[in-house]
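Okay, structure first, notes after.
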Amino acid sequence: MLRRDPVARTMLGAISLSSVGIGIHTLAMGQLLYDRTGSPGAFALILTLQGLAAFCVLPLCGPLVDAVSSKWVYALCGLGRAATVLLIVGLATLPGTGAVPAMVAVAVLLAVFDNVERSALFKLTAHHVAEAHIARFNGMIGVAFQAGALTGMALLGLILTWGTAEHALLVDVVMSLACAGAVARLRLTANEHNPPLSARMLGTAVAGTVGEWRRMLGRYRRYRAVFVMILLCAGDFVFAHALSTLVVPLVDSRYGGQGGYIAALEATFAVGMISASFFTRRLVAQRLLPLWLLGQAAAAMLLAASDAAAVHFLAFFLAGFANLNSLTWLLTTLQQRASDGDKAKMASLRLLAIGLGTAALMPVIGRFATVSPGVGFWSVTAVMVVFAAGGAWVARTYRAEPEPHASAAPEASAAGPEAAGAREVPGAGPEAAGAREVPGAGPEAAEVPEAPPVPEAAGVPGVLPVPDTSRAAPAPASPVTAAPDHRGG
């Protein structure tokens, strides 16, 4: 069981601690900047610049994380986040608005640490969480983040009763340090096949970024379904961001702007995710992917078509339930599909798709939402129907086909899978014995013969990928839902 897997248990605890800090940080940072400037514009600028920073760092962080220990990358990102927030608290002690530009610039660093951390989590999960538990673990990540973020938001109210936003940010520092400490003490037994750490190795990894990406994309160019799955990852996050954006005008127009309804609807979404996590073994399946994407479209349709409170709460529950199932299958399958040397790069591709999808579709949804909340929800319905069509194609065509081992000689790989003299199940390490099954990939995926060892001398350095992270909580418009990207995945 998952609770008996020490790696999964420790990581879920670390994610919960970190999420408490994130829940506090998001609202406290917005409060701090609003008190200084009298406008939400500074915080909106931070979110925009953090998105740009993510686009810049993700192409580099994939090859870099693939070359080093995922555990230490994750722990160092926690320390980096703690130091960054502590610097913001220091800048906040300066009077007036003069420190605001510096606070905004420093806050952008959080996007760097958060996205590198997600790539490390992707790789760590693929290498060190027992394969039988991976699907459930991925589902529980979203639950842990939601529970932690909601706890942090609740704690913030208590902290602000006796203290200030700066005091609340110090709690985020403590939580980040606790998360880093828990992961640093984690004992890992599986071999990630990382080369010896050195400054030269790190420089080579960064300098070889373009070549690494070309090699990976060349290996997967025959598998169109894999690239469609990467694009589909954006759907769960776009949907989550859209709910966070539209819940405020929904409550304003239909509940007289009572803030309690915002929190209640968001909590109902979290309850839906938590409920789905108990059934991941049965419901996280390839054939059900289009059903869960259509379920999210149906939830948006209910919100657009009805004014009844009961229907709204039912829709948010359905949204959370379906969102967790679809993002968990996509995340788990991509982790197991990527070969040993491509885990973190696969995570970076997924996060890039999420960022591009959000950047491209959220302005469109926002434009429709200016007409009315109902029109905004109808636009979300249309978007999710398109994603469901892509999900139906993946459910019908995707096969967990064997491919050359990552350490096979490049020329053998170019000659085809058989030329390397070995066939492997994607995502399976060299220690695997017998057939491996990708959850939801169908019974035929379990009958692939195991690969014989490939000589190390001909190898290309490689490693393995999990987060947003998955529904990594979205960056919402409402102060109650502004936690970053674990809500949809």
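Could we say that ARG9 is modelled with pLDDT under 85, more than 25 Å from THR358 (Cβ to Cβ), not in a loop (DSSP other than H, G, I, E, B) and not polar (S, T, N, Q) here?
Working: modelled with pLDDT under 85: no; more than 25 Å from THR358 (Cβ to Cβ): yes; not in a loop (DSSP other than H, G, I, E, B): yes; not polar (S, T, N, Q): yes.
So ARG9 does not fit the description; no.
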Check your understanding: Tell me, which helices (runs of 4 or more DSSP H) lie completely within the stretch 284-373 with 2 or more residues that are within 30 Å of VAL73 (Cα to Cα)?
Key -> 309-337, 343-369
Review point. Taking ARG81 and the conditions (1) among the basic types (Lys, Arg); (2) over 21 Å from MET175 (Cβ atoms); (3) within 19 Å of the chain's Cα centre (by Cα), which numbered condition does it fall short on, given that it satisfies the others?
Key: (2)
Study note, to complete from the structure: Out of (1) at pLDDT below 90; (2) open to solvent by 10 Å² or more (accessible area, probe 1.4 Å), the one PHE387 does not meet is (1)
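Conditions tested, residue by residue: (1) at pLDDT 85 or above; (2) under 19 Å from TYR398 (Cα atoms); (3) out of contact with any Leu (no Cβ under 9 Å at 6 or more places or on another chain); (4) open to solvent by less than 40 Å² (accessible area, probe 1.4 Å).
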{"residue": "ALA263", "(1), (2), (3), (4)": "no, no, no, no"}
{"residue": "PHE269", "(1), (2), (3), (4)": "yes, no, no, yes"}
{"residue": "VAL284", "(1), (2), (3), (4)": "yes, yes, no, yes"}
{"residue": "ALA299", "(1), (2), (3), (4)": "yes, no, no, yes"}
{"residue": "ALA319", "(1), (2), (3), (4)": "yes, no, no, yes"}
{"residue": "ARG337", "(1), (2), (3), (4)": "no, yes, yes, yes"}
{"residue": "MET346", "(1), (2), (3), (4)": "no, yes, no, yes"}
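Please specify each residue of the stretch 154-168 satisfying the condition of being open to solvent by 30 Å² or more (accessible area, probe 1.4 Å) and not β-branched (Val, Ile, Thr). Reasoning before the result, please.
Step one: list which residues in the stretch 154-168 are open to solvent by 30 Å² or more (accessible area, probe 1.4 Å), which gives 154-155, 157-162, 164, 166-167.
Hits for the stretch 154-168 are ALA154, LEU155, GLY157, LEU158, LEU160, TRP162, GLU166, HIS167.
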Check your understanding: Which condition number does ALA147 fail, the rest of (1) within 30 Å of ALA285 (Cα to Cα); (2) more than 21 Å from the chain's Cα centre (by Cα) being met?
Key -> (2)
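Residue-by-condition table, conditions (1) in a helix (DSSP H, G or I); (2) open to solvent by 30 Å² or more (accessible area, probe 1.4 Å); (3) more than 30 Å from ALA126 (Cα to Cα); (4) at pLDDT below 85:
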{"position": "LEU32", "(1), (2), (3), (4)": "yes, no, yes, yes"}
{"position": "TRP72", "(1), (2), (3), (4)": "yes, yes, no, no"}
{"position": "LEU76", "(1), (2), (3), (4)": "yes, yes, no, no"}
{"position": "LEU86", "(1), (2), (3), (4)": "yes, yes, yes, no"}
{"position": "GLY98", "(1), (2), (3), (4)": "no, yes, yes, yes"}
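The values are calculated or read from the model by the stated rules, or taken from the named source; none is laboratory data. Note that the structure is predicted; figures quoted are calculated from it, not measured. Glycine gets a Cβ as well: all are built from the backbone with ideal geometry, and neighbour counts include every protein chain shown. Calculation scope for accessible area: heavy atoms of the full protein, side chains included, ligands and nucleic acids excluded. Shrake-Rupley method; radii C 1.70, N 1.55, O 1.52, S 1.80 Å.
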